[in-house]
Amino acid sequence: MEIYLDANATTPVLPQARAAALAAMSEDFGNPSSIHSTGLKARALMDAVRARAQRLLGAGAGQLLFTSGATEGIQTAVLSALRALRARRDAGESIGSLLLYGATEHKAVPEALKHWNELLGLGLEVRAIPVGRDGRHDLAWLALQAPRAGLVCTMAANNETGVVSDLDGIEQALGASRTFWMVDGVQGLGKLEMRLASRRIDYAPFSGHKLYAPKGIGLLYVREGAPVTPLLAGGGQEGALRSGTENMSGIAALGAVLAALEDGQTFRDTATLARYRDRLAETLQAAFPGLVFNAPLDFSLPTTLNFAVPGLSSKLLLDLFDAADVRVSGGSACSAAKAQPSFVLQAMGLPEWQTAAAVRLSFGPAADEQLIAEACARIRACGESLRESCLTGTVAQEGTPLTPITRYVVDGACCWLLADPASRTAIVIDPLPELNERLERLLRCQDYRLLAVLDTHSHGDHASSGQALREALPDRLLHAEVDALGWPLGIDTLHLGNQTLRRLALPGHTADSTAYLLGQGTQVRVAFVGDTVMPGALGRTDFPVSEPLALRDSLRRLADALQPGSLLAPGHDYENRFATTLGTEAAHQPLLAGALNGSLDALGLASAKAEFERGLGLTEYQTMACGARVCSGPEAAPELDARGLRQLLRQHPEALLVDVREPYEQRLSLLPELGEVRLQAVPLSVLVDQLPQWLALPAETPVVFFCRSGNRSEQAARALRRLGHEAAYTLAGGLALWPQCEPGLEAALYV
Ligand code: PLP
């Protein structure tokens, strides 16, 4: 059963609202502008809903217009205020120079201000009202600026943090200024007393779908006498202020929700909601040690929690919650490469890690005891799963055994953890500051000793955190005396179980660039090459003009030390290719191929590089970051949907299905009924460890990757195809789109 805790994004539609909408689409389908009985019935319904909203919002003699939602309401409010300002200015009145909006406002507000300010040619300055650490407006600042403002926009409550604005304080700060005032009431509907007409609020937009009505219906309050400029002109509906035949099913559904608000039966009162929130907060704190709340609960809606956990990204937590069938949302937007920090939390001045790692949990006032109890149980299970993966807690425990090679990525930079479960020894290559705490916890929790923390070269773009990691684990360190790159002094070869790690100097990218060769005897399984070779890009093999020959010679030395199947594990991987081989790179990169076969001399290399950069107008760093696309083009993996997969499985019963989710997710969720299939669990973080086995499969054996949403599985399939196994597929849309995710695990055991 899904536990939906993302009510600030949208809510399910209340059963009585669904019924009302259906009735308005079936027996009561009339157009309220028609003057026959069917139309009159529709109009009566619409009038009744408006009157109810009028009462509930304390709208007094103000008007309520039905809109498509808050975004439309915001446009109408801003357009109306700005057009009135222009008229005043044209009449010679002073209108001030500022359009103000709260720094944590929904994007619809500042974007609408900029849009209409430009379209109307007003040329006013659009400026953010600062907020304090508690997320509330700086009222002293506002009081100072208000006399120069033409329009002030603030929200009733914030959608990310739930922080409730001090509307009375804002009203006071506006003082005697003539500014218009818009209050975005979206998150306040049904949760806060709006008392619209008793305040000097000119406009207040609302959206039905944030309170159990369907999407596409909203309300705009306009204070009696406040100017209105219609956004939509046409048939003259809504008193000619908003033309277009009304969304009657939406209005009927909204009416049912408002009726539920009035009857006092359907929704919990504030005290009960606050108790629910406190239970969730306590459960979260117990499940995730170190968890911090990003907004003061005292000033927040009782239905919103925004938090961050040190060392755990919001992406990780979202994947985890989703695996437990708990829907929450990231406080920040995640792109493939980098988590975008939340501008709301930034405006509040929170530390960078909190702004990037935020998670929002929100429920609606229809939440009940059963939902909260089940949510708490799942949160506890999530915490337990992370503990089993040694991602939280420090108590030594068995946990999932470490895979020989694990890859961690932070903004495209790769850190590698090599582990030997038999001897419980590990090596870290290219440590990153962001990962130190996690690695320290992992090694302690799994009771590993540390053979070495190595850098492949002196990094230009980030500091090595090797020394800090060694200092954090003095009791686990097997060799205290090390050189500048972390290699233990007086030792030639490191032994990791029955494998060895050797060094190979590769000057070129930097003078001290070194590869670490993991293998047995002279057989190299994986070479950790730092930035000397980047998969798919010219990368750092774009031959710095100062050292072209050194790098060319280094590449040839590397080629001599490797076998055709030896994998190269890079120090940077902006396009998620995971690993590569020299052969794969030579096929994609003419410069590298030239260096290896000797057809390019120093002069040729330098001019080829210069030509390339001139042609693209890029800096070296940009060349590196986007070279992947420039040099080798997109390599999208073929997608399968559920039907395509079943078909493929019929044709190829030997196909391998690979779940690339992390163990902390796999532990929490059941898999769909798959029948008799060969199923593997290979989390994306340990993909490289498994690549050689898949590459050794017969060429026609399909390998189908799947994950939660199809993103990680696409990366895995692309990486395997690029290395030569063409029959690599991704399950499009991931488990999220799987037709029926019912218990079926018996038939789908991991091999
Ligand atoms: N304002 C706030 C505070 C919101 O949370 C939202 C929706 O997320 C909006 C405005 C925009 O609402 P809609 O997308 O329904 O128009």
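Show me, for the range 149-155, the HN-Hα J-couplings you get by feeding each phi into the Karplus relation (A = 6.51, B = -1.76, C = 1.60, θ = phi - 60°), rounded to Hz, glycine and proline as x.
Per-residue couplings from phi come out as 9, x, 8, 10, 10, 9, 10 Hz.
Amide H of residue 324: which non-local residues (sequence gap of 5 or more, or other chain) have their own amide H closer than 5 Å, using H built in the peptide plane?
Residues meeting the amide H criterion: none.
Express in whole angstrom the spacing between the alpha-carbon centres of the range 112-140 and the range 51-83.
20 Å
To the nearest 10 square angstrom, what accessible area does residue 353 show with a 1.4 Å probe?
100 Å²
As an exercise, use a Förster radius of 25 Å and the Cβ-Cβ distance of residue 270 and residue 22 to find the FRET efficiency, rounded to the nearest 0.05. Show your work: numbers first, answer last.
Numbers: r = 31 Å, r/R0 = 1.26.
E between residue 270 and residue 22, to the nearest 0.05, is 0.20.
To the nearest 0.05, what FRET efficiency results for residue 125 and residue 353 with a Förster distance of 41 Å applied to their C-beta separation? Before the final figure, lay out each step's value.
Numbers: r = 33 Å, r/R0 = 0.80.
Result of the calculation: an efficiency of 0.80.
Could you pull out every residue, at least 5 positions away or on a different chain, whose amide H is within less than 5 Å of the one on residue 300? Hs are placed 1.01 Å off N in the peptide plane, and Pro or chain starts have none.
164
Size of the dipole of the chain about the Cα centre, Lys and Arg at +1 and Asp and Glu at -1 on the beta carbon, nothing else charged, in debye to 20?
Values: 66 positive and 82 negative charges, 290 e Å.
In total the dipole reaches around 1400 debye.
Give me the net charge for the shell around residue 256: Cβ to Cβ below 15 angstrom, other residues only, Lys and Arg +1, Asp and Glu -1. Don't skip to the end; give the middle numbers.
Details: positive: 18, 50, 52; negative: 28, 262, 263.
Overall, the nearby charge balance is 0.
So, with a 1.4 angstrom probe, what is the percent of accessible area on the chain that is carbon and sulfur? Don't skip to the end; give the middle numbers.
Numbers: 15720 of 29370 Å².
Within the chain, the accessible surface is 54 percent carbon and sulfur.
Work out, step by step, the length gained on full extension between residue 37 and residue 140: first 0.36 nm times the residue separation, then minus their alpha carbon distance; give nm to one decimal. List each step's numbers first, then the result.
Working: separation 103, 0.36 × 103 = 37.08 nm, distance 5.63 nm.
Answer, rounded to one decimal: 31.4 nm.
Per-residue HN-Hα couplings for the range 482-492, Karplus 6.51 cos²θ - 1.76 cosθ + 1.60 at θ = phi - 60°, whole Hz, x for Gly and Pro?
Here the 3J(HN,Hα) series is 9, 8, 4, 9, x, 6, x, 5, x, 10, 9 Hz.
Quote the accessible area belonging to residue 275 in square angstrom, nearest 10, computed with a 1.4 Å probe and with ligands, DNA and RNA left uncounted.
140 Å²
Have a look at the DSSP beta bridges in the chain and tell me what percent are antiparallel, nearest 5.
Numbers: 51 of 93 bridges.
Here the antiparallel bridges make up roughly 55 percent for the chain.
So what is the accessible area of the range 457-535 per residue, in Å², with the probe set to 1.4 Å? Walk me through the numbers on the way to the answer.
Values: 3350 Å² over 79 residues.
Accessible surface, normalised per residue, equals 42 Å².
When ligands, DNA and RNA are left out and all protein chains stay put, how many square angstrom of accessible area per residue does the range 267-393 have with a 1.4 Å probe? Working shown, then result.
Working: 4500 Å² over 127 residues.
That works out to 35 Å² per residue.
Which percent of Cα-Cα pairs in the chain sits in each 20 Å bin, short to long?
15, 39, 32, 14, 1
With each pseudo-label sitting 7 Å past Cα toward Cβ, what's the residue 522-residue 678 distance in nm, one decimal?
Going from the residue 522 label point to the residue 678 one covers 3.3 nm.
For residue 679, which sequence-distant residues (separation of 5 or more, or a different chain) have an amide H within less than 5 Å of its own amide H, given hydrogens modelled in the peptide plane?
Hits under the 5 Å cutoff: 657, 751.
What number comes out for the charge environment of residue 4, summing +1 per Lys or Arg and -1 per Asp or Glu over other residues with Cβ under 14 Å away?
Details: positive: 210, 327, 360, 378; negative: 2, 6, 322, 325, 368, 374.
Counting the neighbours of residue 4, the net charge comes to -2.
Please calculate how many Å² of accessible area the range 1-136 carries per residue, with a 1.4 Å probe and no DNA, RNA or ligand atoms counted. Walk me through the numbers on the way to the answer.
Values: 6190 Å² over 136 residues.
Per-residue accessible area for the range 1-136 comes out at 45 Å².
Only helical DSSP H runs with n ≥ 4 go in: add -39500 (n - 2.57) per run for the chain, normalise by residue count and round the 222 nm mean residue ellipticity to 500 deg cm²/dmol. Write down the numbers at each step before the final one.
On the way: 23 runs with 262 residues, N = 751.
For the chain, the value works out to -10500 deg cm²/dmol.
Find the lysine pairs in the chain meeting two conditions, Cα atoms under 19 Å apart and a separation of 8 or more places or different chains, and report how many there are. Display every interim value, and only then the final one.
Working: 107/210; 107/215; 191/210; 191/215; 315/338.
Lysine pairs, 8 or more places apart or on different chains, close enough: 5.
The values are calculated or read from the model by the stated rules, or taken from the named source; none is laboratory data. Just so it is clear, the structure is predicted and the values come from calculations on it, not from any experiment. Quick reminder, even Gly has a Cβ in these numbers, built from the backbone with ideal geometry, and neighbours come from all protein chains shown. Just so you know, the surface numbers come from the protein's heavy atoms only, side chains and all, with ligands and any DNA or RNA stripped out. Shrake-Rupley method; radii C 1.70, N 1.55, O 1.52, S 1.80 Å.
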